């Protein structure tokens, strides 16, 4: 299958983006370079094209009941214009996807899902619709989305709108924000660990928004930012990536996301029984953070050993651009998962010493 | 891409500069450009012997790791330890900043490598 272009493709080419096929989309890994873009987000602002993300609407009188059944978090706990992070699981507790739910109204919600999972998610949702009185609509092709991330995000975006952005609190949104004459939905969310906003509008208008933000942020040092730093930023900020820290084979509990799994939720949800059992019996493995003691960079997929025995694998690893240290996440045997313990990462067939640390690398 | 005259090149984008029976080996401009900001270099031990096309070093950017291969059979006689503290030197000047110096085992193997003219053509056509 040929990869798709987002509405911003031509802008990426103009900006000298290094374009790759990611999750079926042509997107830039980097423009100027991963490190300067990463630093721009931590210290000023970066602008990401996230138009590849999937958007699925659930509406109808049973919308809430359906989402309570479909997902692990308590969707009843949010108000209109509020957002919650949640997951949907298979009956065995493996993860179908992790995503944000935006509450439009008591009977209408928007799910923003991982690009690579959009079709799978949509099918899963339809297959589990049961008798709930709802409509499920995949509107991904109609929407363009950008994310401005970094401490100067509000200052930059405020130049383009009369809406008081300071009134949009973290994990909240405003459906009607006029930015440079275009009506957008703006949420105070992101995937970098920094303050920032995600901006949704029609795919035809997103180019105008993209260029307006880059222009408005010039003096503040905004940079267009690629997928490369999106991953290093989210990883440093302890955010999971589907397929790495959670997947159909790694449950949310193993992935360290218990906060988003409400085992005591009144309603039944898909995977609840299996997850409850796993929690009560105790985990046999979990995702931990680690830091290299000896020289070397851990990479996704590298094996982890302890005393010559394989105990797991690296789920994400980098030379952290913020900390200038080699750090990673690994899914390992629970008996070796204590903070401070030493482990070996197999780098090019050689064991290299590391020690387990908190996954909250930025503190 | 910058291609320096009077060096030998491989299809994996290593360069080799011959001095008598010894040679310096480094990464061609194209390779460092493809990798992006290099943040880590792994060096071999002195006196280690490698065969042609065997990996003797690794260079890594934030995003990717790449092996560096021996252009010819040889023994490591010197390693550029400056790269351990400042791997970015390979981006700044890939031809000035060599990775290792080797003793060439069999000089007839040089005939299998590309000249700078052949390498330029290779970059135009193949890459």
Q. For residue B:91, are the conditions met, namely being assigned to a loop (DSSP other than H, G, I, E, B), closer than 24 Å to residue A:321 by Cα and touching a strand residue (DSSP E or B) at 6+ places or on another chain (Cβ under 8 Å)?
A. no
Q: Name every residue in the stretch A:321-341 that is closer than 27 Å to residue B:59 by Cβ and away from chain B (no Cβ under 14 Å), in order of residue number.
A: A:329, A:330
Q) Which one is nearest to the other protein chains (Cβ to nearest Cβ), of the residues in the stretch A:237-260 that are touching a strand residue (DSSP E or B) at 6+ places or on another chain (Cβ under 8 Å) and outside any loop (DSSP other than H, G, I, E, B)? A) A:242
(Q) Can you list the helices (runs of 4 or more DSSP H) lying wholly within the stretch A:104-216 that have 3 or more residues being touching a strand residue (DSSP E or B) at 6+ places or on another chain (Cβ under 6 Å) and more than 19 Å from residue A:59 (Cα to Cα)? (A) A:206-216
Q. How many of the residues in the stretch A:23-41 are surrounded by fewer than 22 Cβ atoms within 10 Å (Cβ to Cβ) and not in a strand (DSSP E or B)?
A. 8
Q: Tell me the strands (runs of 3 or more DSSP E) entirely within the stretch A:261-320 that contain at least 1 residues that are under 21 Å from residue A:249 (Cα atoms), within 14 Å of chain B (Cβ to nearest Cβ) and within 26 Å of the chain's Cα centre (by Cα).
A: A:309-319
Q | Of all residues in the stretch B:70-85 being within 13 Å of chain A (Cβ to nearest Cβ) and either within 15 Å of the chain's Cα centre (by Cα) or in contact (Cβ under 8 Å) with a residue 24 or more places away in the chain (or both), the one that is surrounded by the most Cβ atoms within 10 Å (Cβ to Cβ) | A | B:83
**Q.** Failed item in (1) in a loop (DSSP other than H, G, I, E, B); (2) within 14 Å of chain B (Cβ to nearest Cβ); (3) touching a strand residue (DSSP E or B) at 6+ places or on another chain (Cβ under 8 Å), with residue A:20 passing the rest
**A.** (1)
Q: Answer yes or no: is there a residue in the stretch B:40-51 that is modelled with pLDDT of 95 or more, crowded, with 22+ Cβ neighbours inside 10 Å and within 13 Å of chain A (Cβ to nearest Cβ).
A: yes
Q) For residues in the stretch B:20-39 being in a strand (DSSP E or B) and under 27 Å from residue A:322 (Cβ atoms), which is nearest to the other protein chains (Cβ to nearest Cβ)? A) B:39
Q | Test result for residue A:311, more than 30 Å from residue A:84 (Cα to Cα) and touching a helix residue (DSSP H, G or I) at 6+ places or on another chain (Cβ under 8 Å) | A | yes
(Q) So residue A:225 passes all but one of these: (1) surrounded by fewer than 22 Cβ atoms within 10 Å (Cβ to Cβ); (2) under 20 Å from residue A:112 (Cβ atoms); (3) within 14 Å of chain B (Cβ to nearest Cβ). Which condition number does it fail? (A) (1)
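The values are calculated or read from the model by the stated rules, or taken from the named source; none is laboratory data. All values reported here derive from a predicted model rather than from experimental measurement. Cβ atoms come from the backbone with ideal geometry, glycine included; neighbour counts cover every protein chain shown.
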